[in-house]
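Note sheet for the following structure.
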Amino acid sequence: MIRNSASEMASKLASGEVTSVALTQAHLDQISAVDKDVHAFLHVDTQGALAQAAAVDAKRKSGEKLSPLAGVPLALKDVMTQKGIPTTCGSKILEGWRPPYDSTVVTNLKKNDIIILGKTNMDEFAMGSSTENSAYGPTHNPWDLTRIPGGSGGGSAAALAAFEAPLAIGTDTGGSIRQPAAVTGTVGVKPTYGGVSRYGLVAFSSSLDQAGPCARTVLDAALLHEAIAGHDPKDSTSINAPVPAVVAAAKSGNVKGMKIGVVKELNGDGYQKGVRTRFEESLELLAAAGAEIVEVSAPNFEYALAAYYLIAPSECSSNLARFDAMRYGLRVGDNDGASAESVMNLTREVGFGREVKRRIILGTYALSSGYYDAYYGSAQKVRTLITQDFNKAFEKADVLVSPTCPTTAFKIGEKANDPLAMYLNDIATIPVNMAGIGGMSLPSGVAEEDGLPVGFQIMSPVMKDDRMYSVGAALEAALLSKWGAPLLSTIPALAGSK
Ligand code: GLN
């Protein structure tokens, strides 16, 4: 049962073949069996999840009309507030904090009767590409426990690949939904910026952060996307327009006559051989399904990484100033006579990890009056040029595509002391955030040289998220008929797993 897709689980719930309590319990059992090895979860809300499931079963019994995913369990990235449930953002500084309110994403999940199993591990404040920056220890990739599950949302992606949950929520500032999806053989979608509310998403870089669905199939991601998306007056950057029809697009999976643009700059040298082979093969399958493949160029993408590592740290240096030892979580050195400043300093020294400190220092420097124009100002100009590159490319193509990441999952520890090597993982995902457009990663097979999953990225224009779902569904169907079974059915079994 736990190996079904979320939509298969939803049909079984609707027909009465299974109850939500039984389905939720099966996932809690899987978490008990495998999470000591995987470490996808920071907090499991056993009682809360079972109580929510029992309530949904009762509603169904009484004949109430329920939403498509009612009763299906989900794992929530620990950067989203859920009332009364510990929320750490993978940081020591928030240890023990229980938010007094629900994020809008959680409100929407609850409205749709989706069962929240618990909170998933992540790089501290979503800064990282491997989940090794969590203050609570790394998450392990279910394909090979010695490897990283991607980051920052490695916990959410690993929970899907280990069959601990069929659905998960991620957030993506520079790739944190798509890169973990790619290296775990799962599906991850960053919606158009403003498509899903940021209210209650603990801010890293507010102009880039976006929550989105993580799942094992394109249709499941679409169902979750529609459940969490929509205008929210509590988020001033939320888009007041109808949610793109992503479920209809995922169901039709039609690419006939569509123009698919291959971004010249996001392929080639620096991309692992097996990643390139899988990418080329996916292009052939899309062409066979009736799409026209064209080449597009985006010359300014070369500067995207450099500009991102000025903009994101600048915004984080301002956003993280709220962790001042007075309002949330940890407080250190609060002895008689201690000044507020010394408590603040000691708390931040102990509470923040190395990467977070590095970025706060970088951002504070880039925003300082003498350097503002040279660094932050220039980065903002580059951001505009990247958006213009996308606009031009979308004149030639309906969607753009690339490999999601240059490599498959690397070993835990391999890049932990080399921040630049770590940053390079997001070379193909960052441009999407800079322009605020939509991006999806779906599995395109395994690399021949190491047998590890490879991700295929699809990018669609602002509020045309439905297009990436059409292409994703078409590719997923073509790959499925080639493989004969979903990619995750070939994952090595975890000890204790059913
Ligand atoms: N890996 C990138 C970073 O460290 C992106 C993180 C994210 O999307 N939250 O900033």
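The values are calculated or read from the model by the stated rules, or taken from the named source; none is laboratory data. Just so it is clear, the model here is predicted, and its values are computed rather than measured. Glycine also receives a Cβ, built like all others from the backbone with ideal geometry; neighbour counts cover every protein chain displayed. Heavy atoms of the whole protein, side chains included, go into the accessibility calculation; ligands, DNA and RNA do not. Shrake-Rupley method; radii C 1.70, N 1.55, O 1.52, S 1.80 Å.
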(message) Any residue at all in the stretch 106-122 that's in contact (Cβ under 8 Å) with a residue 12 or more places away in the chain, in a loop (DSSP other than H, G, I, E, B), within 16 Å of the ligand (Cβ to nearest atom) and farther than 24 Å from residue 443 by Cβ?
(response) no
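Among 137, 128, which is within 11 Å of the ligand (Cβ to nearest atom), part of a loop (DSSP other than H, G, I, E, B) and closer than 28 Å to residue 408 by Cα? Steps first, answer last, please.
On the way: 137 fails: within 11 Å of the ligand (Cβ to nearest atom).
Just a single option satisfies the conditions, and that option is 128.
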(request) Please state which of the following conditions residue 163 fails to meet, knowing it meets all the rest: (1) within 16 Å of the ligand (Cβ to nearest atom); (2) touching a Lys or Arg at 6+ places or on another chain (Cβ under 8 Å); (3) closer than 27 Å to residue 10 by Cα. (result) (1)
(request) From (1) modelled with pLDDT under 95; (2) more than 16 Å from the ligand (Cβ to nearest atom), pick out the condition that doesn't hold for residue 411. (result) (1)
(request) Look at the stretch 93-105 and say how many of its residues are open to solvent by 10 Å² or more (accessible area, probe 1.4 Å), touching a residue at least 24 places away in the same chain (Cβ under 8 Å), within 28 Å of residue 350 (Cα to Cα) and not hydrophobic (A, V, I, L, M, F, W, C). (result) 4
(request) Being within 14 Å of the ligand (Cβ to nearest atom) and either farther than 16 Å from residue 305 by Cβ or of a type in the set (D, E, K, R) (or both) is the filter here, so list the residues in the stretch 421-460 that pass it. (result) 426, 436, 441
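Answer yes if at least one residue in the stretch 49-71 is on the phi > 0 side of the Ramachandran plot, hydrophobic (A, V, I, L, M, F, W, C) and in a loop (DSSP other than H, G, I, E, B), and no otherwise.
Checking the stretch 49-71: not a single residue is on the phi > 0 side of the Ramachandran plot, hydrophobic (A, V, I, L, M, F, W, C) and in a loop (DSSP other than H, G, I, E, B).
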